[in-house]
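Only the coordinates and a few stated rules stand behind these numbers; no lab work does. Worth saying up front: this structure is predicted, and the values here are computed from it rather than measured.
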Amino acid sequence: MSEQNQFIKTKIKFYTLLWLLFVVELGIFFLITFLYLTPEVLQGSGNEGYMAVLYASYLIAIVSIPAIYKIYDYRKKKVNKDESVKSKLEKYFFSVLIKYAVLETAAILSLAAFYLNEINEPLYMFGIVFVAVLLNKPSYSQFEKDFLNYNDENVIEEIVYMPDEFGDSEDDTKPESK
């Protein structure tokens, strides 16, 4: 494996560690918020003074998920084929950070709406955003597919033709003549 591939995989592991920290952070925020508001507190209060925060959290949670994919696609299209791999990796990292910043904002706002309004419905939006965070884990194959070109030297190993497990070759696919 080339040094450049090893460098890319090391960076992707770092990005995955950041993703894991975001997941753990959101989980801790959820636990603190949920454990602070016990079900007895939720049933006994009728606080509806913060409906604007509730509706804003719904709107941001609903808009954020499609928005991150649009922003990611836009940034992916801006990558020049002639750029260095390091530059492409930086653009990928920045795109991933934008994704997580938007999703984390939506998730924390949902938790704030849950805390302020003392109703359980914002937790559904938090759950949806949390699942979106889980599904957007950075990976080498995603970086390779979205940001690298197959013409980059020393980045992707050549695909070597190997016979399949049954030993078939190209000649075996021709019909037999009688």
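Structure data summary
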item	result
Net length gained if the chain between Gln6 and Gln142 were fully extended (0.36 nm per residue, minus Cα distance)	47.4 nm
Under 16 Å from the Cα of Lys76 - lysines, other chains or at least 8 residues apart	Lys86, Lys88, Lys91, Lys99, Lys145
Table column - 3J(HN,Hα) (Hz), segment 85-91, Karplus curve with 6.51, -1.76, 1.60, x for Gly and Pro	5, 4, 5, 5, 5, 5, 5
Built amide H within the under 5 Å cut-off of Ser139, gap 5+	none
Potential lengthening between Leu17 and Glu121 on full extension [0.36 nm per residue; Cα-Cα distance subtracted]	34.4 nm
